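One structure is given below, encoded as structure tokens.
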């Protein structure tokens, strides 16, 4: 469990620098240079992601049950997950979805984390999904206050929303039928197979 916590601190910590102090971040980037700053940021983020992955896998071997999710939560999770991949794609494809949601990737993260909290009742699930849900909420509030620019992506275009929805839903189906079980070792919808 400790490796999971270290990973969350590293990953969310690096992704929270702008939330905590945009000025400090800008001064460090100017001091180190943009390439060195991005390299350090990427290295720390990757180390955090690896630690989260390994730590979560280890924690699953000795789970601590906090609650038993009510019947039907898996179905609700599957339903809530429908917009997640299209929202994620919309962050890089400027269109109406991006303009209406402002930060579709953070919205996707919040929906993903909440839906997984509903379907899982272990301590390691609460740590992972709860931390990411809280972080995404704080990041969204911070981004709104500081007018954070959207991530770089494709140029704005009339077809971007259709592409985001189409490709996002295709990713959802692939992830539902194969990707989740391959990456996570958990079949999210055994009743579909």
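The table below lists the values:
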item	result
Taking N as its residue count, the alpha carbon Rg of region 1-62 over 2.2 N^0.38 Å	1.30
Normalised contact order of region 64-193, rounded percent, pairs of Cα under 8 Å and 6 or more residues apart	35
Inter-site label distance for residue 31 and residue 134 at 7 Å from Cα along Cβ, in nm	2.8
Burial ordering of 17, 174, fewest other beta-carbon atoms within 10 Å first	174, 17
For the chain, built as a Gaussian network whose Cα springs stay under 10 Å, the top-fluctuating residue of 16, 131, 144	144
Label selected from [x] 55, 35, 31; [y] 50, 48, 26; [z] 51, 45, 27, the criterion being Cα extents along the principal axes in Å as computed here	[z]
20 Å cut-off, amide nitrogen to a point 7 angstrom out along residue 167 Cα→Cβ, residues in region 73-91	82-91
Centre separation in Å (Cα based) which lies between region 1-65 and region 161-185	25
Inter-probe distance in nm under a simple model that places probes 7 Å from Cα toward Cβ, at residue 177 and residue 126	3.7
Helical contribution to [θ] at 222 nm, DSSP H n ≥ 4, -39,500 (n - 2.57), averaged over the chain, rounded to 500	-22500 deg cm²/dmol
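A short reminder: the numbers here are calculations on the coordinates, not readings from a lab. Keep in mind that this is a model prediction, so the values were computed, not measured. When we count neighbours, we look across all protein chains shown, and the Cβ atoms used for this are built from the backbone with ideal geometry, even at glycine.
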